[in-house]
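Only one structure is covered here, and it is reproduced in the block below.
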Amino acid sequence: MVATTAFVLGFVVVALSVLFVAMRGGAKTTRDSAHPESPAARRFTSSGIALACALFGIAIPAVILIGNNTARSDNGPGGVKLSDAQKSGRQLFAHNCATCHTLKGANATGRVGPNLDQLRPPKSLVLNAIKVGRAQGQGQMPAQLITGGDAQDVASFIAAVAGR
């Protein structure tokens, strides 16, 4: 929200500047008044230009970076708060499953396996698919790609974010 406001305000300032230049008599009049004769006036003009460049080049990006804190990485789609196990499951899913499955919560757009956002499988179904594969291990998804606690983490993550 802050970044959007800063961005819009920057363009409002630019638009008002263009409007005032046009109202003062156009570019020639503005150019003549922007080239002062005294060294102090030239320093003042140069300082104003440097300040404007710093504002648009440093201050606005800094505000945007501050607004985009890393706390959002704890959230899945729709603002679902992920546990540490589910965050681990998201990374494991991205590494092992994302090439085949589509799941918005992991930014996965696989085309081979089912779309998990549409399927919205419960944790038990995901655990079964991981354990035995699909088509009893004879299908495209082999059995036991992930085992133990990692399988639990992936299943918990999928159950938490699928379809949201």
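Matching residues to (1) in contact with a Lys or Arg (Cβ under 9 Å, 6 or more places away or on another chain); (2) modelled with pLDDT under 85:
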site	(1), (2)
VAL63	no, yes
ASP74	yes, yes
ALA98	no, no
VAL126	no, no
ALA159	yes, no
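Every condition in (1) without any contact (Cβ under 8 Å) to a residue 60 or more places away in the chain; (2) in contact with a helix residue (DSSP H, G or I) (Cβ under 8 Å, 6 or more places away or on another chain) is met by GLY148 except one, and the failing one is (2). Checked against the criterion of being at pLDDT below 75 and in the same structural domain as PHE157 (by TED's automatic domain parsing), the candidates GLY113, GLY78 yield just one match: GLY78. Reported count of residues in segment 99-115, each being surrounded by fewer than 17 Cβ atoms within 10 Å (Cβ to Cβ) and of a type in the set (A, V, I, L, M), is 1. Being at pLDDT below 65 and part of a helix (DSSP H, G or I): is that true of ALA27 here? Against the criterion (at pLDDT below 65 and part of a helix (DSSP H, G or I)), ALA27 qualifies. Note on segment 33-47: residues that are surrounded by 11 or more Cβ atoms within 10 Å (Cβ to Cβ) and at pLDDT 75 or above amount to 2.
Taking segment 120-141 as the range and being crowded, with 17+ Cβ neighbours inside 10 Å and within 29 Å of the chain's Cα centre (by Cα) as the test, the residues that pass are PRO121, VAL126. Of the residues making up segment 142-157, those that are part of a helix (DSSP H, G or I) and either surrounded by fewer than 19 Cβ atoms within 10 Å (Cβ to Cβ) or over 20 Å from the mean Cα position of the chain (by Cα) (or both) number 9.
The values are calculated or read from the model by the stated rules, or taken from the named source; none is laboratory data. A quick note: this is a predicted structure, and the numbers were derived from the prediction, not measured. For neighbour counting, all protein chains shown are included, and Cβ atoms are generated from backbone atoms with ideal geometry for every residue, glycine included.
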